[in-house]
1. Of all residues in region 114-170, which are touching a Phe, Trp or Tyr at 6+ places or on another chain (Cβ under 6 Å) and polar (S, T, N, Q)?
2. Give just the number: which of (1) within 17 Å of the chain's Cα centre (by Cα); (2) more than 26 Å from residue 272 (Cα to Cα) does residue 101 not satisfy?
3. Which one of these does residue 253 not meet: (1) on the phi > 0 side of the Ramachandran plot; (2) surrounded by fewer than 20 Cβ atoms within 10 Å (Cβ to Cβ); (3) within 14 Å of the ligand (Cβ to nearest atom)?
4. Which one of these does residue 124 not meet: (1) farther than 22 Å from residue 271 by Cβ; (2) touching a residue at least 12 places away in the same chain (Cβ under 8 Å); (3) away from the ligand (no atom under 16 Å from the Cβ)?
5. Within region 372-391, restricting attention to residues that are assigned to a loop (DSSP other than H, G, I, E, B) and of a type in the set (Gly, Ala, Ser), which residue is nearest to residue 358 (Cα to Cα)?
6. Any idea which of (1) buried (at least 20 other Cβ atoms within 10 Å of the Cβ); (2) not assigned by TED's automatic domain parsing to the domain that holds residue 48 is the one residue 129 doesn't satisfy?
7. Given the conditions (1) within 16 Å of the ligand (Cβ to nearest atom); (2) free of Cβ contacts under 8 Å to residues at least 40 places away in the same chain; (3) part of a helix (DSSP H, G or I), report the number of the one that residue 227 does not fulfil.
8. What do you reckon, is residue 145 within 16 Å of the ligand (Cβ to nearest atom), surrounded by fewer than 23 Cβ atoms within 10 Å (Cβ to Cβ) and either farther than 19 Å from residue 125 by Cα or small (Gly, Ala, Ser) (or both)?
Amino acid sequence: MAVTLDIARGNANAQTVSGIPVTAPAPAPASAADDRPTLIGLTRDELADAMGEIGVPEKQRRMRAAQLWHWLYVRGVSDFALMTNIAKDLRQQLDARFTIARPEIVSEQISVDGTRKWLFRFPPRGAGRPVEIETVYIPEEGRGTLCVSSQVGCTLTCTFCHTGTQKLVRNLTAEEILSQILMARDRLGDFPDAATPQGAVVPSEGRLVSNIVMMGMGEPLYNFENVKKALLIASDGDGLSLSKRRITLSTSGVVPEIARAGAEIGCMLAISLHAVNDDLRDVLVPINRKWRIRDLLDACRAYPGLSNAKRITFEYVMLKGVNDSDADARELVRLLKGIPAKINLIPFNPWPGSDYECSDWERIEQFADIVNRAGYASPIRTPRGRDIFAACGQLKSASERMRKKDREAVAAGA
Ligand code: SF4
């Protein structure tokens, strides 16, 4: 059974919803009519330039940018009025010209296992109507992982993935990618001076959001610049300060961008492999028709900084009678020879309308045994948040891109 907290429709400041206390009120969301540019997602230099736009003298801009950076990413404020070491008139100028508001939360669902799934709404930005995306928080012993989306929908129609049935609406901006992290930390009380909601399932020590995986909706390497910008801000040591070792970018196999991701972002890499021969992978992960398994694995071998301490994770969804035989397991071991790798076996998470079934548990264990005996760690990922459709491959929002004709009609009426 899932718990749904409908906190944006009706009562955005609800303190108690469905019997679950919410200690932190939802921050005021950006209004749809607000066309002030955001300061979230800007580099330090861009922040300094923004200070110039409101008349801050050049010699003060870097200092002001550093102050803003601290308030935005260390203290997590979403209101200029709280930036107490900035003079009141400057705060008012900032507020008149820019915004740092959070997106709207359409819903927050909590699974029986403590997994949380949020549906966030962002402005259209060319899509014709506001867009919605999903973000998932998975608490475990010793860590809290946030599964972040990079696109609204996806162009890649991986046949086992629910998101793949939703056409691409648009790329998320760097602000929107970062906002998912900021919102999760807001809702979990993971900023200084914030309280964690009573009853929330979170790690017993350490940071509540300690790991980021770019495994939500979308193919992150098809939105390279925005993903890069957001992840470099997320890993900045003076801000959100997430270790690059704890940020994993998962790709379905956009081969030409893999080396760039290693060189320019420097995060951990995961590959959605799911098949050990091109014929089957062409069906399961159709991008394979463009970049074959051999090219993909060559790009993995060349991934910068690869070592036994920095391994590539290969994701392998277990589909009954499709890719789960002993021969498949042996071929997987053969293919990955020489690559420092970890293999994540993912029991298939069903969704309405999918034709696949999850492999039987004994089959998954036998497959894992073969991989383990070859020396690879091959954890079987415990399905999380299945009851709220938050598990791997289950994310999908209702956002659809309006037809050009309809967008023009809306624009004409605005
Ligand atoms: S698995 Fe990833 S790349 Fe494939 S359709 Fe789903 S979201 Fe897109």
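1. If the condition is that a residue be touching a Phe, Trp or Tyr at 6+ places or on another chain (Cβ under 6 Å) and polar (S, T, N, Q), then 135 is the only one that fits.
2. Exception for residue 101: condition (1).
3. Checking residue 253 against (1) on the phi > 0 side of the Ramachandran plot; (2) surrounded by fewer than 20 Cβ atoms within 10 Å (Cβ to Cβ); (3) within 14 Å of the ligand (Cβ to nearest atom), the one that fails is (2).
4. Among (1) farther than 22 Å from residue 271 by Cβ; (2) touching a residue at least 12 places away in the same chain (Cβ under 8 Å); (3) away from the ligand (no atom under 16 Å from the Cβ), the lone unmet condition for residue 124 is (2).
5. If we take residues in region 372-391 being assigned to a loop (DSSP other than H, G, I, E, B) and of a type in the set (Gly, Ala, Ser), then 391 is nearest to residue 358 (Cα to Cα).
6. Unmet for residue 129, out of (1) buried (at least 20 other Cβ atoms within 10 Å of the Cβ); (2) not assigned by TED's automatic domain parsing to the domain that holds residue 48: (1).
7. That leaves (2) as the condition not met.
8. Here the answer is no, as residue 145 does not meet what is asked.
The values are calculated or read from the model by the stated rules, or taken from the named source; none is laboratory data. The shown structure was predicted, so the numbers you read here are calculated from the model rather than taken from an experiment. Quick reminder, even Gly has a Cβ in these numbers, built from the backbone with ideal geometry, and neighbours come from all protein chains shown.
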